[in-house]
Amino acid sequence: MGVRENQTPPASIRAARRALEGVAGVSILDDWIWSPGFARWALHLRLRVAVPETSPIPEQTEWYVLVESDYPLGSVKFFPASKNSFNDTYPHQQHNGPGEADALWRKGEVCLNSQTRKYDRYEYEPFTEESRLLWHCLRATEWLEDAANNRLVKDGDPFEIPQFPGTYIGTYGDFFVAYQENHCSLERWQAIRESAGLVEFLAPRRPKKLYAANRFLSLDGRELLQSTWGSYIREQSESQTPRRGVWIRTPTPPFLPPWQAPATWGELRKAFELLQMKLDTHLRSCFAKIRDGQAHFCLIGFPVPERFGGANANIYWQALALPPIAHGRVPGFRDAEPSHWTYDHSMLIPDNRQIAWVSSENWDAEQVSTRGRLSRQITSRRVLLIGGGAIGSALGELLVRGGVQQLVVIDSDNVTVGNLTRHTLNMDDTGEPKAVSLARRLNRLSPHASALGFKTDFPPTDAAIRVEIERCDLVIDCTGSDEVARQLEVYPWTGERLFFSLSTGVDARRMFCFSQSGRFDSAELFARLRPWLMLERSENRDRELPREGIGCWNPVFPARADDVWLLVSLALSTVDQVASQSPSSPDFVVFERVLSEGRTIGVKKQTRLESGTL
């Protein structure tokens, strides 16, 4: 981490330094230096806070604060100095390991962002030259006071996993591990006596290697728990033999106080000892099952709550990469299990060896949809999507991104280049069946999606397709076809379903949403649509539709992608609402774009034509 002292910082950064002069508890030890390795300016400070006599935090600590050249823009980072500071890791801090050789500061950046703390309260962060650095310094002293008095977290705060060295939340390396855990699987784990075993991974073919934990086994090979992954992970991994690893489970998180993830094998052993467990006992029994000359993962699992002080909510699995352990004859060691373990323990995982932690993430359906999901009344259903055109493709995209996992798509057309003006597919799909290509795309949107696509009209004649359709309990017709509507009514459905018919008018000015529970009544749909179609006809009586290609048989339906997707989004809100209410009578809603000088300025929702419109 080289630094240069012969450079002059910008005026804004010099002004930030001057603003700290005379501030109580803040002392400037050195002037700004340039750090090429971080591409930032660094200022050496001493912070002083009142601490209890028993506090491991000293009364005075030294720090380096780093800012970018365009300060007051960019980031402001606080790191404990390598000397005259502290070495432990606390909540709301990155792993406080030592920096590189001759580094002036450690790696334990503290979290002072305006969206955290006090540390869960939004607080205004100033962005002037004189105030921003000062604000961060004051936040740092507040952090120190809380750390010294054990107040960094309190019951009810969101639970925080300490950073495992080399891993970062939301960042994947060249390979990473995904797993599925929720409160239901936690209950199953609580009934399992084993604390160590084997795990099988699915590994889809992709540039950044993903290993999806699929089956957890006992050491004697009994299945204890299996995950349910979507089509993308299952099908992309079908031709590969599942990769095996090992798992070890602890009753509580194996951390070092105050809040530090182990960095070395010795620290991990110490963390296990604090839990009255012997790490080597479990490793030895696990290693004996995976001596095949290959590298393996080890998952360390422990229950975690959603909030500090709350009940445990699921199991958290942290992966680490094991080196290839002893296999066969090793020079200087006998070809026997006791000798193999002696070699592993002394040569591969000694106390001073750094652990190769691997980024791990819970991909349970509830976890990956916390940013926004549809109601459970939709996500729990199996959806039949009739029509994979502009409306169907946009709707399918929103359904899967909203949490729907099971879909069947049927469409008899192939993708043409003209379709791409308002379709979610791309050039790679031209000439391919719409339904098949769309299902393939939908499966790539979520680790839980299982979409099937069939090139066929509705109703299909293929018995296997009809079996898949029969399993669907939510039917959405996106074709705008009168014939399909009539076929929906006469199709021999077994049992009741929830039906929707979605179609747009010319230029996607309007979206017509018809819904009915039980059996589908095409006459009811036509009766609701008729006055609106008459209005559309009168509005476009003298208009000639655009053509794609040569000949009178090639007119196309005009509508821009942004207008279609806007109306599809609104239609989905209706689908979500109706599905949540389970209505006993048919419902009909029209969304109409409000225009001003040809541009959309809003949307109005209607259930019938206003008097005198026609």
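Rule-based calculations on the coordinates, nothing more; no lab input. Just so it is clear, the structure is predicted and the values come from calculations on it, not from any experiment. A quick note on method: Cβ atoms are made from the backbone with ideal geometry, for glycine too, and the neighbour counts reach across all protein chains shown.
Under a plain spin-label model, where a point goes 7 Å from the Cα along Cα-to-Cβ, how far apart in nm are Glu539 and Asn182?
Taking the two extended label points, one gets 4.2 nm.
Multiply the residue separation of Glu100 and Lys154 by 0.36 nm, subtract the distance between their alpha-carbon atoms, and state the gained length in nm to one decimal.
Stretched out fully, the Glu100 to Lys154 stretch lengthens by 16.1 nm.
Report, by chain and number, residues whose modeled amide H sits under 5 Å from the one on Val408, excluding near sequence neighbours (fewer than 5 apart, same chain).
Sorted by chain and number, the residues that satisfy this are Val383, Leu384, Leu385, Leu452.
Please report the antiparallel percentage of DSSP beta bridges with both residues in segment 175-366, rounded to the nearest 5.
70 percent
Tell me, what HN-Hα J-couplings in whole Hz come from the Karplus equation 6.51 cos²θ - 1.76 cosθ + 1.60 at θ = phi - 60° for each residue of segment 376-384, using x for Gly and Pro?
3J(HN,Hα) across segment 376-384, in whole Hz: 5, 5, 9, 5, 7, 8, 9, 9, 9.
Quick one: grab the alpha carbon gyration tensor of segment 175-366, order the square roots of its eigenvalues as a ≥ b ≥ c, and give me rounded if a/c is under 1.5, else prolate or oblate depending on whether a/b is larger than b/c.
oblate
Roughly how many whole Å is it from the C-alpha centroid of segment 407-482 to that of segment 299-321?
That distance is 39 Å.
What is the sum of charges around Phe255, taking Lys and Arg as +1, Asp and Glu as -1, for the other residues whose C-beta is under 13 Å from the C-beta of Phe255?
With Lys, Arg at +1 and Asp, Glu at -1, the net is -3.
Skipping prolines and chain starts, which residues have an amide H placed within reach, meaning under 5 Å, of the one on Gly230, given they are 5 or more residues away or on another chain?
Amide H neighbours of Gly230: His448, Ala449.
If all Cα-Cα distances of segment 310-444 are sorted into 5 Å bins from 0 onward, what percent lands in each bin, rounded to whole numbers?
That works out to 2, 9, 13, 11, 9, 8, 8, 7, 7, 8, 8, 7, 4, 1, in percent per bin.
Mind jotting down the three principal axis lengths of the chain based on Cα atoms? Whole angstrom, largest first.
For the chain, the Cα spread along each principal axis is 83, 69, 47 Å.
Find the Rg to Rh ratio for segment 11-148, where Rh is the Kirkwood radius over alpha-carbon pairs and Rg uses the same atoms.
0.93
What list of ³J(HN,Hα) couplings, whole Hz, do you get for segment 212-222 from phi and the Karplus terms 6.51, -1.76, 1.60, once you set θ to phi - 60° and write x for glycine and proline?
9, 4, 10, 9, 9, 10, 6, 5, 8, x, 6
With a sphere of radius 14 Å drawn around the Cβ of Glu62, what net charge do the other residues whose Cβ falls strictly inside it have (Lys, Arg +1; Asp, Glu -1)?
Net charge in that neighbourhood comes out at +2.
Of the DSSP beta bridges with both residues in the chain, give the percent that are antiparallel, rounding to the nearest 5.
70 percent
Given a Förster distance of 51 Å, report the FRET efficiency between Asp482 and Leu274 from their Cβ-Cβ distance, rounded to the nearest 0.05.
0.10
Under a cut-off of 18 Å between alpha-carbon atoms, report the aspartates and glutamates in cross-link reach of Lys289, not counting same-chain residues fewer than 8 places apart.
Those aspartates and glutamates meeting the cut-off are Glu194, Glu200, Asp220, Glu223, Asp280, Asp335, Glu337, Asp344.
I need the phi-derived Karplus couplings for segment 335-345: 6.51 cos²θ - 1.76 cosθ + 1.60, θ = phi - 60°, integer Hz, Gly and Pro marked x.
Couplings: 7, 8, 4, x, 5, 4, 5, 4, 5, 4, 5 Hz.
Taking amide H atoms as placed 1.01 Å from N in the peptide plane, list the residues 5 or more away in sequence, or in a different chain, whose amide H sits under 5 Å from that of Val603.
For Val603, the qualifying residues are Val594.
Local charge sum around Leu186 (other residues, Cβ-Cβ under 13 Å, Lys/Arg +1, Asp/Glu -1)?
My count for the surroundings of Leu186 gives -3.
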